[in-house]
1. Go through segment 11-41 and give me each residue that's surrounded by fewer than 20 Cβ atoms within 10 Å (Cβ to Cβ) and small (Gly, Ala, Ser).
2. From Pro115, Pro58, which residue is open to solvent by 40 Å² or more (accessible area, probe 1.4 Å) and touching a Gly at 6+ places or on another chain (Cβ under 8 Å)?
3. Being of a type in the set (Gly, Ala, Ser) and either in contact with a strand residue (DSSP E or B) (Cβ under 8 Å, 6 or more places away or on another chain) or in contact (Cβ under 8 Å) with a residue 40 or more places away in the chain (or both) is the requirement here; does Ala36 meet it?
4. For segment 65-88, which residues satisfy the criterion of being without any contact (Cβ under 8 Å) to a residue 12 or more places away in the chain and closer than 20 Å to Leu34 by Cβ?
5. Against the conditions (1) modelled with pLDDT of 95 or more; (2) open to solvent by 60 Å² or more (accessible area, probe 1.4 Å), where does Lys75 fall short? Just the number, please.
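The values are calculated or read from the model by the stated rules, or taken from the named source; none is laboratory data. What you see is a predicted model; the values in this text were computed from it and never measured. Every residue, glycine among them, receives a Cβ derived from its backbone with ideal geometry; neighbour counts consider all protein chains shown. Ligands, DNA and RNA are excluded from the accessible area calculation, which covers all protein heavy atoms including side chains. Shrake-Rupley method; radii C 1.70, N 1.55, O 1.52, S 1.80 Å.
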Amino acid sequence: MRRHLYLITGFISIGLGTLGAFLPLLPTVPFMILAAYCFARSSPELEAKLLDHKHFGPHIRRWRERGAISRKGKKAALGAFAFSAILALIFSPFPWYLIPLAAALIGGSWIWTRPES
């Protein structure tokens, strides 16, 4: 039963990560890291596919080994957070724009404090 839950969560994470490639506030790589974690506990073949992936594999390995995020990844994430915050400020009324603004500040500051690879 636990194996199936990890497998389902891994596939959901892949789906959310794919959406994150197109939506500014939804991250991609953290969902792929979560998928790798879930697949490590449910399907070694799917975990190996993620670890061997051209784009996501190196990020997953760096995160597992050192908890590190590349400088390019940090810049991309912070840029996406800033873009989302600006959109919220323009299109959302007070106090609703405070929610994405807070998410950007909290998420951005956490990302900024991670070690670089």
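1. Hits for segment 11-41 are Gly15, Gly20, Ala21, Ala40.
2. Pro115
3. The answer is no for Ala36.
4. Glu65, Ala76
5. Tallying (1) modelled with pLDDT of 95 or more; (2) open to solvent by 60 Å² or more (accessible area, probe 1.4 Å), Lys75 fails exactly one: (1).
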